[in-house]
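J.: Could you have a look at this structure, given as C-alpha cells, before my questions?
The numbers here are math on the coordinates, done by the rules we state, and not lab data. Please read all numbers here as calculations on a predicted model, not as lab measurements. Heads up, the Cβs are rebuilt from the backbone with ideal geometry, glycines too, and the neighbour counts pull from every protein chain shown.
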Amino acid sequence: MIFAIEEINNSTELLPGIKLGYHIYDSCASVPATVHVAFQLSNALDPVFYTGNNCSQSGMVMAVVGESASSPSISMSRIIGPFNIPQVSHFATCACLSDKQQYPNFFRTIPSDHFQADALAKLVKHFGWTWIGAVRSDSDYGNNGMASFLDAAHREGICVEYSISFDWNHPRSWIQRVADVIRRSTAMVVVAFTSPGDIRILLKELSLEPFPPRQWIGSEAWVTDPDMLRFSFCAGAIGFGIQKSVIPGLRDFLLDLSPSKVSASPVLTEFWEDAFNCRLGKSETVWLIFNIG
C-alpha cells in the first residue's frame with residue numbers, strides 16, 4: 001500500500017497536482033475492529049493522516065481502500081456509505097456487495113463470487129463428479145458463495161450429499177462434527193468455500209484420524225495458500241486462483257527498506273522476518289544487509 005501511494009504521488013500522469021495522504025489500520029480480520037475504525041474515519045477523529053508538505057484537509061477522509069474480507073467490508077460500507085465515502089476493496093468477493101441499492105459506495109478490483117461459483121460448478125461437472133459434499137465458512141463470504149455454487153451445481157445436474165457450515169471460533173465439538181460428516185460420507189469430492197483460517201482448523205481436525213481419500217475443490221481464498229501443503233491429504237486440490245503479475249519497482253522498494261525503518265514498524269518487521277526467514281535484531285543488522293544486498 002505504501003509503495004502504491006508513493007508511486008501515485010511521484011507520478012506526473014496519475015493524479016497531477018494532488019498528493020495522497022493516508023493512515024493504515026490493521027483490522028486483524030475482526031468485524032468489531034473494522035467497525036471501530038469506520039466510525040473513526042467517518043468522524044475524522046484522526047488528527048493527522050499525512051505529514052508531508054502542502055497537505056490540506058488532513059483530517060477529512062476522501063476514500064477508503066479495504067477491507068480484505070467480505071463481512072468486515074459489509075460492516076464498513078454500512079457505516080461510511082451514508083457519508084458518501086467511496087470504498088474500494090481488493091479482496092472482498094461476496095456477490096451480495098454487488099447490490100448497489102444496499103452498497104452504493106462500494107467498489108472492488110476483484111470479481112464477484114457469482115462468477116467463481118459458476119466456474120467451480122462447471123469444473124466439477126467437467127471431471128464427471130456428480131455426487132459431492134460441501135463445507136463453507138459461516139460468514140458472508142462462505143454462506144453467499146456456497147449458495148451461489150449450489151444453485152450453479154443444481155443447474156449442472158450435480159447432487160450434494162451434505163452442506164455444512166463452520167467457523168474457526170466454534171467449539172471444537174462443532175469442528176469435530178463437521179470432520180465426522182466428511183469421514184462418514186460416501187461423497188469422494190468435497191467443495192470447500194472457506195477462508196484460510198477456517199479450513200486450516202478443519203484440516204487439522206481431519207488429520208488426527210486416518211480417513212478415506214477425498215478430492216478437494218477449493219475457493220480462491222485458500223486453494224493456493226502454501227500453508228495447506230502440509231496436509232498431505234490435500235495434495236491434488238484444485239480450484240481457481242487470482243491472477244498474479246510482477247509489479248514493476250516493488251521488489252526494489254522492499255529491498256531498499258533499511259533495517260532501522262523496518263524495525264520501527266511492527267507490520268514491516270513481520271513481513272521482513274517472514275519474507276527472509278530471519279529474526280530482526282540489532283546484532284543481525286549487518287547479516288541482513290549482507291544477505292539482501
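J.: Put +1 on the Cβ of every Lys and Arg and -1 on every Asp and Glu Cβ in the chain; which of 84, 171, 158 then has its Cα farthest towards the positive end of the dipole?
T.: Working it through, the farthest residue towards the positive pole turns out to be 158.
J.: Please give me the summed charge of the neighbours of residue 162: other residues whose Cβ is under 13 Å from its Cβ, Lys and Arg +1, Asp and Glu -1.
T.: With Lys, Arg at +1 and Asp, Glu at -1, the neighbours total +3.
J.: A further question on this structure: Volume per residue, Å³, of the convex hull around the alpha-carbon atoms of the chain?
T.: Cα convex hull per residue, to the nearest whole number: 175 Å³.
J.: Let me ask something else. Below 8 Å between Cα atoms, with a sequence gap of 6+, how large is the relative contact order for region 2-108 in percent?
T.: In percent, rounded to a whole number, it is 21.
J.: Okay, moving on. Given the C-alpha atoms of region 2-108, compute the convex hull and give its volume per residue in Å³.
T.: That works out to 110 Å³ per residue.
J.: Additional query: Among 40, 181, 243, whose Cα sits farthest toward the positive end of the charge dipole of the chain (+1 at Cβ of Lys/Arg, -1 at Cβ of Asp/Glu, about the Cα centre)?
T.: It is 181.
J.: How many lysine pairs in the chain, separated by 8 or more positions in sequence or lying on different chains, have Cα atoms less than 27 Å apart?
T.: Eligible lysine pairs with Cα atoms under 27 Å apart amount to 4.
J.: What ranking of 94, 234, 159 emerges when the number of other C-beta atoms within 10 Å of each C-beta is taken as an exposure proxy, fewest first?
T.: 159, 234, 94
J.: Roughly how many nanometres apart are two label points built 7 Å out from the Cα toward the Cβ at residue 164 and residue 12?
T.: 6.3
J.: Something else now. Within a 10 angstrom radius of the beta carbon, how do 202, 254, 14 rank from fewest other beta carbons to most?
T.: Fewest-to-most ranking of 202, 254, 14: 14, 254, 202.
J.: Counting Lys and Arg as +1 and Asp and Glu as -1, each charge on the Cβ, what is the dipole of the chain about the Cα centre in debye, to the nearest 20?
T.: For this selection, approximately 420 debye.
J.: Oh, and also: May I ask which residue of 106, 8, 18 lies farthest towards the positive end of the charge dipole of region 2-108, with charges of +1 (Lys, Arg) and -1 (Asp, Glu) on Cβ and the Cα centre as origin?
T.: Positive-most Cα among the choices belongs to 106.
J.: Also, quick follow-up: Treat each spin label as a single point 7 Å out from the Cα along the C-beta direction, and report the residue 39 to residue 258 distance in nm.
T.: Roughly 4.0 nm, to one decimal.
J.: In degrees between 0 and 90, to the nearest 10, how far off the longest principal axis of the chain does helix 172-184 point, with axes built from Cα atoms?
T.: The helix 172-184 is inclined about 50 degrees to the chain.
J.: Assuming 0.36 nm per residue, please report the length gained on full extension of the stretch residue 267 to residue 22 beyond their Cα-Cα distance.
T.: 86.6 nm
J.: Which of 162, 22, 141 has the fewest other C-beta atoms within 10 Å, and how do the rest follow up to the most?
T.: 22, 162, 141
J.: Then there is this: What number, in percent, do you get for the relative contact order of the chain if the mean sequence gap of Cα pairs under 8 Å and at least 6 apart is divided by its residue count?
T.: Taking the mean separation of contacting Cα pairs over the length of the chain, I get 10 percent.
J.: Can you divide the C-alpha Rg of region 81-211 by 2.2 N^0.38 Å and report the result to two decimal places?
T.: 1.17
J.: Just to be sure I follow the definition: excluding the sites themselves, where is the longest run in the chain that has none of the trypsin sites (Lys or Arg not before Pro) in a DSSP loop with at most 16 other Cβ atoms within 10 Å?
T.: Excluding the exposed sites themselves, the longest stretch runs over 101-243.
J.: Now for a separate question. Could you work out the per residue convex hull volume over the alpha carbons of region 132-271, in cubic angstrom?
T.: Spread over its residues, the Cα hull of region 132-271 gives 148 Å³ apiece.
J.: OK, next. Tally Lys and Arg at +1 and Asp and Glu at -1 over the other residues with C-beta under 13 Å from the C-beta of residue 110: what net charge comes out?
T.: Neighbour charge sum, excluding residue 110 itself: -1.
J.: So, one more: At a threshold of 8 angstrom on Cα-Cα distance, excluding pairs fewer than six apart, so keeping six or more, what relative contact order does region 159-293 reach in percent?
T.: With pairs under 8 Å counted, the relative contact order is 16 percent.
J.: With +1 on each Lys and Arg Cβ and -1 on each Asp and Glu Cβ, and nothing else charged, work out how big the dipole of region 178-264 is about its Cα centre, in Debye to the nearest 20.
T.: Computed about the Cα centre, the dipole is about 120 debye.
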